[in-house]
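Everything below concerns the one structure shown next.
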């Protein structure tokens, strides 16, 4: 198991905590305590035993390394936890120990614990994602008409408004967040089916236990157990990876625009942030770098969960067991990306003078496309292209080489085309979806 130091750049503290040993045990034991309450309410176990079982459902009583070792021999952590819980209950009341884990199966505990862990980790991240979208939208509005060099295939292209680039970030992050909100909501359901999904062991009391258990855990009640129906989990994994990818797009642009030779934007600064161990002059893109690290990992983690979907019969061998170890680092990567961009977005510094200087440094060559269209109106496309090529080959100022169109090529409104309108439309779409 990787330690905290190895994973320092791969997980945000809050998301990592949701999948810590303590949290895992807490949610598994929360299920067992809730099951004791639900079965007692249905008259299946004496009510006096509930408090005894509940008192033993404290993670502090259990040793995670020892539980992990036992789990390796039973292919499920639940066996180890239930055995340890039963022993802990027996210390208090031997009779109560007979009612631990009544009617449940291993996957009931683990799937429900996984759902509860997502319920702990996701709401704060979704809130931060909404804040990221708001911050980028605000910055896009501010730079609705700020010109910059557009770049395609990493080379100077035609100019556009900086606001359009930033509004594009906001729009895709918002779109991915909404997908994630929906798929996350679909995961917040109880898993309780017993041995093979029929709850036959509970007889006529199965339905009351189901309802009481779901209510106590504050989870929705699905139409039936979903042991080998994993679309909910896989959809969540895919949407988590999409969010990381959308954040990664913004991070990639920010990192490229922060290069010393470009220097158009910079991340917010604080003492020690972005410092090099040997080069005092450097200021590295920390938030962008952490986000890009997450973006490199998330797709493969999500792919593992999707690949595990074809599961055998009523309970799976191997596929289901591959999910939890993949879902945890996926959510941790998501948390790392979200928290990193949440630090960057509100304080991203734009150097408008440098944006203009980089535009000027092209000597007007980025206007070649527009010049070709202007000339084509007078002399046709082929002749226009030849004139533009000749002007470009002369070097120096392209605008001066095409002096007759100096005014048209220097018109700020024409320079940006529909870019400001696209900013407006992207922001209006964000507002409409909010």
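A short reminder: the numbers here are calculations on the coordinates, not readings from a lab. Every value quoted in this text rests on a predicted model; they were computed, and no experiment measured them. In this analysis, Cβ positions are derived from the backbone assuming ideal geometry, glycine residues included, and neighbour counts consider all displayed protein chains.
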Let me have the relative contact order for the chain, percent, based on Cα pairs under 8 Å that are six or more residues apart.
19
quick note, the chain, DSSP beta bridge pairs, % antiparallel (nearest 5) is 90
To the nearest 0.05, what FRET efficiency results for residue 22 and residue 434 with a Förster distance of 41 Å applied to their C-beta separation?
0.65
The chain - mean residue ellipticity at 222 nm from DSSP helices (-39,500 (n - 2.57) per run, n ≥ 4, rounded to 500)
-21000 deg cm²/dmol
Hey, what did segment 59-137 get for relative contact order, percent, Cα under 8 Å, at least 6 apart?
20
Using the number of other C-beta atoms within 10 angstrom as an exposure proxy, rank 173, 45, 341 with the fewest first.
45, 173, 341
Nearest 10 degrees, 0 to 90: what angle lies between the long axis of helix 206-217 and the longest principal axis of the chain (Cα atoms)?
50
I'd like the distance separating the alpha-carbon centroids of segment 188-202 and segment 48-67, in whole Å.
22
Which order do 339, 32 fall in if you start with the one that has the fewest other Cβ atoms within 10 Å?
339, 32
FRET efficiency for residue 400 and residue 127, Cβ-Cβ distance as r, R0 = 51 Å, nearest 0.05?
0.45
Nearest-0.05 FRET efficiency for residue 134 and residue 425, computed from C-beta distance (R0 25 Å)
0.90
Gyration tensor on Cα atoms of segment 76-126, a ≥ b ≥ c root eigenvalues, a/c under 1.5 rounded, else prolate if a/b beats b/c, else oblate, says prolate
Note the full-extension length gain between residue 390 and residue 201 as 0.36 nm times their separation in residues minus their Cα-Cα distance, in nm to one decimal.
59.4 nm
Label residue 312 and residue 362 with points 7 Å out from Cα along Cα→Cβ: what is the distance between them in nm?
6.0
Cut-off is 10 Å between beta-carbons; in what order do 258, 148 appear when sorted fewest neighbours first?
258, 148
Suppose each label sits 7 Å from its Cα in the direction of the beta carbon; what would the residue 69-residue 296 distance come out to in nanometres?
3.6
Please sort 77-89, 322-334, 197-209 by packing, taking for each peptide the average over its residues of neighbouring beta carbons within 10 angstrom, highest first.
322-334, 77-89, 197-209
What is segment 208-344's relative contact order, in percent, from Cα pairs under 8 angstrom and six or more apart in sequence?
33
Packing-wise, with mean Cβ within 10 Å as the measure, how do 388-395, 289-296 rank, highest first?
289-296, 388-395
Site residue 218, offset 7 angstrom along Cα→Cβ, radius 14 Å on amide nitrogen, limited to segment 95-136, gives 116-124
